[in-house]
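One structure below.
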Amino acid sequence: MERRSWREVADQLFRGGHRIEARGAFLSGSATVDGTAISVVGTTDHATIDAEMALRIASAILRVVREAPGRPILILVDTNGPSLRHRDELLGINTYMAHLAKCVEMARRFGHHIVSLIYDRALSGGFIASGMMADLCFALPQAEIRVMNIRAMAQVTKIARERLERLSRSSPVLAPGAENYFKMGAVDEIWSGDIGAHLAAALRQAVGPDQRASRGLERGGRHLAGPVAQKVRWYGRDRTIPATCDRQG
Amino acid sequence: MIVPRTSYVEATARRRVEAVLDHDSFWEFLPPEERVTSPHLSQLDLPVAFDDGVVVGGGTVQGRRVLLAAQEGAFMGGAVGEVHGAKLTGLFARAVDERPDAVVLLLESGGVRLHEANAGLIAVSEIIRALLAARGRGIRVLAVIGGGVGCFGGMGIVARCCDAVIMLEEGRLGMSGPEVIEMAGGVEELDSRDKALVWRTFGGKHRYLLGDCEYLVEDDVAAIRESIHQALEAASGFELEQLEAEHALLEKRLRELAHLHDAIDMWRALGLPDPDTLPMLDLARFTPIAHRARSFWKGEG
């Protein structure tokens, strides 16, 4: 399947036009969906997320919270993951990533509906702090979603590459790709056809607490995440006694 | 009377839990007898652990009610797989129900367990979401970092999502560990065998000077318990104003330090005297000097 540039994707998402700009690998702007203004942030060119980039995305999100209360946010994901440079570790890049994740969470708390779309690549840490923080996460069919490539995985785990490759053909846990993340519940839908209509529908969808574990169970991709979390939550307690606080998750 | 120190760094996760909590106060959720193990390791012919490398439960610290988790660095480097992650996520959901005085995380982890790649990545994301949702409901979350593996990858992000981080001088905190940096950029980027370089990049002292941990303590369980106690008393919260203040601080950090390439140059830029001697100082002598860095970040500019 052909890769699409952010521009092609944006043109298809927003047929009525948009005001999204790229500055380097950073994307930001606004557009209209069904007559409703939305804010767009994201990255392109398989962006490496260094401390500056994480802070830039965080700035854009905080600006929306301050200046456009309640406006939905679309995160366009194309990232190679965190910068692997010494200088970024010196600066505490994990803190910048955590800050970005907290900003997305804060936007959620302020009532912003947050949707992410993986239109190209989503690798590990860059994805966790942004796209995976959204209420709903979507992917184009050709999206490449993974932790790291099989070669590096083999090097770190000291398991033969051939063996990992063979296993990854049958195991959704090891193999990259949108379909596997769908099965495991981390991707809500894979969009094909009229992606503008899909986005409009996504923005109308009601959202609640993190549903990924239960979706992973329904779809047969992750059997234990949900049940184990529930067991820990209720272990040794009587489920029939109402909790003192309202329930979540 | 001289009370012998109890080392935290050398202890197992279970021993750490017992030592940090008040005597006999620990109650484990899903103990090893329940045999909840990873479903993904057998296809790689790898052994499982009956707690999947993380102990979760409840107890008290100086009488204050906490929920607590401890990662076991000796099992797959404390890395997060599906079950391991779900235990942490479930603990935060429980915290929202039970409203303890804090959730305390004794972290030691290389991040996502690559043997469960995708499931591990999603699990870390679920931990972050559950942690921040709990904080949004007023639950205080504290991290303690010490131990041979350090705290890296997604768990490095988790640590910095907490209200406060307590680090041992021997602790290490970051995103990509030294071996990963060297693998990606070569030995010129970072020589992972250069211990002094690794410590001054990831170690407790540098993190404390940057403000990435609130407490820097000796390898002594009593000191950790005291820091937890202090952190329980400190002002805390997760509101927009605090996030904006953090944002300004992180902007300032880039302005002041992003052009520098070694921790020692950064400490010099913070106005610390004789920065090259700092790695050798014991905490009693280091702490007063470090306060200058803390006031640097609080100052205007």
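The values are calculated or read from the model by the stated rules, or taken from the named source; none is laboratory data. Since the model is a prediction, treat every value here as computed from it, not as a measurement. Methodologically, a virtual Cβ is constructed for each residue, glycine included, from the backbone with ideal geometry; neighbour enumeration extends over all protein chains shown.
One residue stands out in the stretch A:181-239 among those that are in contact with a strand residue (DSSP E or B) (Cβ under 7 Å, 6 or more places away or on another chain) and among the hydroxyl-bearing types (S, T, Y): the one that is farthest from A:H18 (Cα to Cα), namely A:Y235.
Kindly establish whether B:E126 is surrounded by fewer than 24 Cβ atoms within 10 Å (Cβ to Cβ) and of a type outside the set (G, A, S).
Working: surrounded by fewer than 24 Cβ atoms within 10 Å (Cβ to Cβ): no; of a type outside the set (G, A, S): yes.
No.
Name the single residue, out of those in the stretch A:134-159 being touching a Lys or Arg at 6+ places or on another chain (Cβ under 9 Å), more than 25 Å from A:I93 (Cα to Cα) and part of a loop (DSSP other than H, G, I, E, B), that is nearest to the other protein chains (Cβ to nearest Cβ). Restricting to residues being touching a Lys or Arg at 6+ places or on another chain (Cβ under 9 Å), more than 25 Å from A:I93 (Cα to Cα) and part of a loop (DSSP other than H, G, I, E, B), the top hit is A:A143.
For the stretch A:102-133, the tally of residues that are under 18 Å from A:G81 (Cα atoms), more than 10 Å from chain B (Cβ to nearest Cβ) and not in a helix (DSSP H, G or I) stands at 7.
Which residues, taken from the stretch A:162-187, are under 21 Å from the mean Cα position of the chain (by Cα) and either of a type in the set (D, E) or not in a helix (DSSP H, G or I) (or both)? Lay out the reasoning, then the answer.
To start, the set of residues in the stretch A:162-187 that are under 21 Å from the mean Cα position of the chain (by Cα) comprises A:172-187.
Result: A:P172, A:V173, A:L174, A:A175, A:P176, A:G177, A:E179, A:M184, A:G185, A:A186, A:V187.
Total residues in the stretch A:200-217 satisfying the condition of being touching a Gly at 6+ places or on another chain (Cβ under 7 Å) and surrounded by 17 or more Cβ atoms within 10 Å (Cβ to Cβ): the figure is 7. Within the stretch B:268-286, being loosely packed, with under 15 Cβ neighbours inside 10 Å, in contact (Cβ under 8 Å) with a residue 12 or more places away in the chain and of a type outside the set (G, A, S) holds for B:P273, B:D276.
Checking the structure you have, find out if any residue of the stretch B:46-56 is surrounded by 20 or more Cβ atoms within 10 Å (Cβ to Cβ) and of a type in the set (F, W, Y). No, every residue in the stretch B:46-56 fails to be surrounded by 20 or more Cβ atoms within 10 Å (Cβ to Cβ) and of a type in the set (F, W, Y).
Restricting the search to the stretch A:205-232, which residues are closer than 23 Å to A:A37 by Cα and either among the acidic types (D, E) or in contact (Cβ under 8 Å) with a residue 40 or more places away in the chain (or both)?
Taking the stretch A:205-232 and keeping what is closer than 23 Å to A:A37 by Cα, we get A:205-208.
Scanning the stretch A:205-232 gives A:Q205, A:V207.
Could you go through the stretch B:4-17 and let me know if any residue there is over 20 Å from the mean Cα position of the chain (by Cα) and assigned to a strand (DSSP E or B).
Here is the first cut: in the stretch B:4-17, the ones over 20 Å from the mean Cα position of the chain (by Cα) are B:4-5.
This time we only want the ones that are assigned to a strand (DSSP E or B), so: none.
No; the residues of the stretch B:4-17 include none that is over 20 Å from the mean Cα position of the chain (by Cα) and assigned to a strand (DSSP E or B).
Contact map, the stretch A:1-24: first residue outside the structural domain of A:A60 (by TED's automatic domain parsing) and surrounded by fewer than 15 Cβ atoms within 10 Å (Cβ to Cβ), second residue of a type outside the set (S, T, N, Q) and part of a loop (DSSP other than H, G, I, E, B), Cβ cut-off under 6 Å, separation 6 or more or different chains; pairs are A:M1/A:P141. Selection of the stretch B:163-199 for residues being in contact with a strand residue (DSSP E or B) (Cβ under 9 Å, 6 or more places away or on another chain) and more than 9 Å from chain A (Cβ to nearest Cβ) yields B:D163, B:A164, B:V165, B:I166, B:M167, B:L168, B:E169, B:E170, B:G171, B:R172, B:V198, B:W199.
When you look at A:G216, is it in a helix (DSSP H, G or I) and at the interface with chain B (Cβ under 8 Å from one of its Cβ atoms), yes or no? Here the answer is yes, as A:G216 does meet what is asked. Of the residues screened, B:R253 is not one that is surrounded by 13 or more Cβ atoms within 10 Å (Cβ to Cβ), under 22 Å from the mean Cα position of the chain (by Cα), at pLDDT below 95 and within 27 Å of B:A196 (Cβ to Cβ). Filtering the stretch B:88-115 to residues that are of a type in the set (D, E) and closer than 20 Å to B:G150 by Cβ leaves only B:E108. Look at (1) buried (at least 24 other Cβ atoms within 10 Å of the Cβ); (2) more than 29 Å from A:S5 (Cβ to Cβ); (3) more than 7 Å from chain B (Cβ to nearest Cβ) and you find that A:G70 fails only one, number (1). Among residues that are crowded, with 24+ Cβ neighbours inside 10 Å and modelled with pLDDT of 95 or more, A:L117 is included.
Taking the stretch B:99-114 as the range and being surrounded by fewer than 24 Cβ atoms within 10 Å (Cβ to Cβ) and not charged (D, E, K, R) as the test, the residues that pass are B:P100, B:A102. Within the set A:I159, A:I195, A:I145, A:I190, the sole residue that is surrounded by 16 or more Cβ atoms within 10 Å (Cβ to Cβ) and either over 24 Å from A:D135 (Cα atoms) or over 19 Å from the mean Cα position of the chain (by Cα) (or both) turns out to be A:I159. Of the residues making up the stretch B:230-267, just one is in contact (Cβ under 8 Å) with a residue 60 or more places away in the chain and polar (S, T, N, Q), namely B:S236. Output the residues belonging to the stretch A:76-99 that are surrounded by fewer than 24 Cβ atoms within 10 Å (Cβ to Cβ), within 18 Å of B:P178 (Cα to Cα) and either at the interface with another protein chain (Cβ under 7 Å from one of its Cβ atoms) or among the polar types (S, T, N, Q) (or both). Scanning the stretch A:76-99 gives A:L84, A:R85, A:H86, A:R87.
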